[in-house]
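Worksheet: one structure, shown below.
The values are calculated or read from the model by the stated rules, or taken from the named source; none is laboratory data. All values reported here derive from a predicted model rather than from experimental measurement. Counting neighbours? That spans all protein chains shown, and the Cβs are built from the backbone with ideal geometry, glycine included.
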Ligand code: GLV
Ligand code: MG
């Protein structure tokens, strides 16, 4: 269950080639930081960035943040060196590898096997390093259930809207916003729901991708609010100004959290008072049963994880 997993409401993207951004990232209140070797890192900067990332992880100072490195996808010539250098160099100080443009379950299995080899050869705990799988094209979405189920290391399924929009020829240049001309609903609904279903079916976290208009925090809140309402666990942040918006949007409202805790207390009280023979209880005019208890558990789990 996701309530056992650490919160990832805000997942901060940081170019692995920039010492300045890495130093700044340590000070920011994001739940997760991911140091990027993929699109935020120019091809000639990648070898140097691997070294910068290894030092940054080993130097520490990341507090409670989940520490992730995004490697290049398996169709490039860089992936194996990204994984090997980073995990051999800093595997003890790393929580997960993010794999972009995942298209098949086999690509996850390949990363799982490589991680296991490195863990064995380095004497690390086997299976400790997680995998975050980005869904960024039609084939990846078609296979998303198998991708989520491909390895116990998979912790998150992430929507990559920019690459996804390009890969399906969507007629829009504004990432996360509705394509002009499509006025009959949310063009992303099917994609978000498919990712969410795969994540929930296999107890993974579902993470929404970037919003590129970094100065438009209201726009960020609007787009984040949609995936949060569906049940997503968090969203990428590309700029410090988006972090509070993410942390707030993917935490329950205080009033919902308080209500959820009341439901759990009332359900516990009434059902135990009846010696386990009663399946439902009342709070005021509201009937609560086992299904409402489960809904309350989700809100309370997210709230407790967020320190409410
Ligand atoms: C993120 O990687 C995206 O393509 O949106
Ligand atoms: Mg991408």
What tally of residues in region 105-133 results from selecting those that are assigned to a strand (DSSP E or B) and touching a helix residue (DSSP H, G or I) at 6+ places or on another chain (Cβ under 8 Å)?
-> 2
Before we move on, is residue 61 in a helix (DSSP H, G or I) and either at pLDDT 95 or above or away from ligand 2 (no atom under 16 Å from the Cβ) (or both)?
-> no
Scan region 19-58 residue by residue and report those that are touching a residue at least 12 places away in the same chain (Cβ under 8 Å), more than 16 Å from ligand 2 (Cβ to nearest atom) and part of a loop (DSSP other than H, G, I, E, B).
-> 28, 29, 30, 31
Give 298, 237 a once-over and let me know the one that is in contact (Cβ under 8 Å) with a residue 12 or more places away in the chain, surrounded by fewer than 16 Cβ atoms within 10 Å (Cβ to Cβ) and under 30 Å from residue 176 (Cβ atoms).
-> 298
In the list 145, 137, which residue meets the criterion of being under 18 Å from the mean Cα position of the chain (by Cα), within 15 Å of ligand 2 (Cβ to nearest atom), surrounded by fewer than 21 Cβ atoms within 10 Å (Cβ to Cβ) and over 22 Å from residue 33 (Cα atoms)?
-> 137
Those residues that are within 16 Å of ligand 1 (Cβ to nearest atom), assigned to a helix (DSSP H, G or I) and touching a strand residue (DSSP E or B) at 6+ places or on another chain (Cβ under 9 Å), I need them from region 142-165; list them, please.
-> 144, 147, 161, 163, 164
Any pair with Cβ under 8 angstrom, 6 or more apart, that starts in region 82-104 at a residue that is touching a residue at least 60 places away in the same chain (Cβ under 8 Å) and ends at one that is assigned to a helix (DSSP H, G or I) | 100/163; 101/140; 101/163
Tally the residues that are out of contact with any helix residue (DSSP H, G or I) (no Cβ under 8 Å at 6 or more places or on another chain) and closer than 22 Å to residue 101 by Cβ, restricting the search to region 190-232.
-> 3
